[in-house]
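**Student:** Can you keep this structure in mind? I'll have questions shortly.
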Amino acid sequence: MSLLDGVRSDCAQIARRARSVSIALYALSEVKPGPPPVLHPVFHFLEGEPGEVAGYMLALDAINFGSGWFPTLRKRHVDGRPLGGYFTVAWALAEHVRAHGPPTPRWLRAVSTGEIAAILEQEPDSELMSLYAQALRSLGTFLGDRGALELVAAAGRSAERLAEMLARGMAMFDDRGFYKRAQIVASDLALAGVAHFDDLDRLTIFADNVVPHVLRCDGVLRYDERLAGEIDAGHMLALGGAEREIRACALHACELISARTGVAPRTLDTSLWNRGQADPYKARPRHRCRTVFY
């Protein structure tokens, strides 16, 4: 079974057997996808040469995790309002690339916790910064002497193939059953206009903690009393168990919505994720889990 077929099969099976999470099928028709996904021209580095932009996007996706730590981050602000953790990291890294150029494999292999903490304007003793440094060093080792576009070329215009390469080559991308970050790389490179994949719309959603939260707020996902209470109280969830049910049910629900609307899951993902940045969704606690997978 291919990687993407396996993700769909695994999540459908988990959704059928889930004890703490259920999908309200009648509410699926109420989900209205938003505009097509785009990358932000300020918060992301998009203005360089294709190889430079690809190098930035690949490095950003190597550290595109840590939502369980995001409440501890020093956030950037726009118009007096704090940005979320992802945009805080993406923008700080983009400014570093604008000033110093894109990360090379050699730089990635040697980056320290203190260095990435300084780039992202965070505390050097942060556990998350240590994990980010590990992730970047792993990417540098994985790349070897290759640039980001050489890696893309090796995937042969297949987003699934690229995800397989990333998941097999780096432990922090090996998110079995979901492959959230391994999948999002191809989508981000395509949105940045530096890569083309023939099977891009076969990607699933990028199962994290925002899309399930939006689906819960919109009545599509239902949590049992115990799980809902833990999340609403701000308790950290352990990896696996109910946390895995949340992500799997969100992914399977989006497959059902995609089949109904004809909107590709990756597009639906971005629409729901962007919706989750609005105040009504931010006002309600979402599930948190400290993991390198999202």
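**Student:** Any residue at all in the stretch 183-195 that's in contact (Cβ under 8 Å) with a residue 40 or more places away in the chain, touching a Phe, Trp or Tyr at 6+ places or on another chain (Cβ under 9 Å), open to solvent by less than 10 Å² (accessible area, probe 1.4 Å) and not in a helix (DSSP H, G or I)?
**Tutor:** no
**Student:** Being surrounded by 11 or more Cβ atoms within 10 Å (Cβ to Cβ) and either over 20 Å from S271 (Cα atoms) or of a type in the set (A, V, I, L, M) (or both) is the filter here; which residues of the stretch 20-32 pass it?
**Tutor:** Matches in the stretch 20-32: S20, V21, S22, I23, A24, A27, L28, V31.
**Student:** So which residues in the stretch 56-75 are open to solvent by 50 Å² or more (accessible area, probe 1.4 Å) and touching a residue at least 40 places away in the same chain (Cβ under 8 Å)?
**Tutor:** Once the filter is applied, which keeps residues that are open to solvent by 50 Å² or more (accessible area, probe 1.4 Å) and touching a residue at least 40 places away in the same chain (Cβ under 8 Å), the stretch 56-75 yields P71, T72, R74.
**Student:** Six or more apart or on different chains, Cβ under 6 Å: which pairs go from a residue in the stretch 76-87 that's aromatic (F, W, Y) to one that's surrounded by 17 or more Cβ atoms within 10 Å (Cβ to Cβ) and part of a loop (DSSP other than H, G, I, E, B)? Could you list them?
**Tutor:** F87/F43
**Student:** Can you work out which of the residues in the stretch 235-294 that are outside any helix (DSSP H, G or I), more than 22 Å from A62 (Cα to Cα) and of a type in the set (K, R) is farthest from the chain's Cα centre (by Cα)?
**Tutor:** Among residues in the stretch 235-294 that are outside any helix (DSSP H, G or I), more than 22 Å from A62 (Cα to Cα) and of a type in the set (K, R), the one farthest from the chain's Cα centre (by Cα) is R284.
**Student:** When P41 is evaluated against the numbered criteria (1) open to solvent by 60 Å² or more (accessible area, probe 1.4 Å); (2) in a loop (DSSP other than H, G, I, E, B); (3) touching a helix residue (DSSP H, G or I) at 6+ places or on another chain (Cβ under 9 Å); (4) within 27 Å of G85 (Cα to Cα), which criterion, by number, is the only one it fails?
**Tutor:** (3)
Yes or no, residue by residue, for (1) more than 17 Å from V53 (Cβ to Cβ); (2) modelled with pLDDT of 95 or more; (3) buried (at least 20 other Cβ atoms within 10 Å of the Cβ):
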site: A99; (1), (2), (3): no, yes, no
site: L128; (1), (2), (3): yes, yes, yes
site: G144; (1), (2), (3): yes, yes, no
site: G147; (1), (2), (3): no, yes, no
site: E150; (1), (2), (3): no, yes, no
site: L162; (1), (2), (3): no, yes, yes
site: L166; (1), (2), (3): yes, yes, yes
site: G177; (1), (2), (3): yes, yes, no
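**Student:** Another one. Where residues in the stretch 44-55 are surrounded by 13 or more Cβ atoms within 10 Å (Cβ to Cβ) and not aliphatic (A, V, I, L, M), which of them is farthest from K180 (Cα to Cα)? Spell out how you get there, then give the answer.
**Tutor:** Just the residues of the stretch 44-55 that are surrounded by 13 or more Cβ atoms within 10 Å (Cβ to Cβ), to begin with: 44-46, 48, 50-55.
Subsequent filtering for residues that are not aliphatic (A, V, I, L, M) retains 44-45, 48, 50-52, 55.
Details: H44: 20, F45: 22, G48: 26, P50: 24, G51: 23, E52: 24, G55: 19 Å.
Here the answer is G48.
**Student:** Would you confirm whether or not the stretch 85-96 contains a residue that is modelled with pLDDT of 95 or more, among the β-branched types (V, I, T) and within 16 Å of the chain's Cα centre (by Cα)?
**Tutor:** Among the residues of the stretch 85-96, at least one is modelled with pLDDT of 95 or more, among the β-branched types (V, I, T) and within 16 Å of the chain's Cα centre (by Cα), which makes the answer yes.
**Student:** Here is a list: A167, A133. Which entry is part of a helix (DSSP H, G or I) and within 16 Å of the chain's Cα centre (by Cα)?
**Tutor:** Answer to the check: A167.
**Student:** So, of the residues in the stretch 1-37 that are at pLDDT below 95 and assigned to a loop (DSSP other than H, G, I, E, B), which turns out to be nearest to V194 (Cα to Cα)?
**Tutor:** Going through the qualifying residues, I end up with P37.
**Student:** Out of the residues in the stretch 76-97 meeting the condition of being over 23 Å from I184 (Cα atoms) and either assigned to a helix (DSSP H, G or I) or not β-branched (V, I, T) (or both), tell me which one is most open to solvent (accessible area, probe 1.4 Å). Break it down into steps so the answer makes sense when it comes.
**Tutor:** Here is the first cut: in the stretch 76-97, the ones over 23 Å from I184 (Cα atoms) are 76-82.
Among the residues that remain, those that are also either assigned to a helix (DSSP H, G or I) or not β-branched (V, I, T) (or both) are: 76-77, 79-82.
Numbers: R76: 31, H77: 104, D79: 147, G80: 69, R81: 131, P82: 84 Å².
Once the filter is applied, the top-ranked residue is D79.
**Student:** Just for the stretch 240-294: of the residues that are among the aromatic types (F, W, Y) and open to solvent by 30 Å² or more (accessible area, probe 1.4 Å), which one is nearest to R222 (Cα to Cα)?
**Tutor:** The extreme case among them is Y281.
**Student:** Only one residue in S138, S158 is open to solvent by less than 30 Å² (accessible area, probe 1.4 Å) and under 24 Å from L3 (Cβ atoms), so which one is that? Even if it seems obvious, please write down each step before you answer.
**Tutor:** Details: S138 fails: open to solvent by less than 30 Å² (accessible area, probe 1.4 Å).
None of the other options fit; the residue is S158.
The values are calculated or read from the model by the stated rules, or taken from the named source; none is laboratory data. Predicted model, so just to flag it, every value in this text is computed and none were measured. Reconstructed Cβ throughout: ideal geometry from the backbone, glycine too, with neighbour counts over all protein chains shown. Side chains included, ligands, DNA and RNA excluded: accessible areas come from the protein's heavy atoms. Shrake-Rupley method; radii C 1.70, N 1.55, O 1.52, S 1.80 Å.
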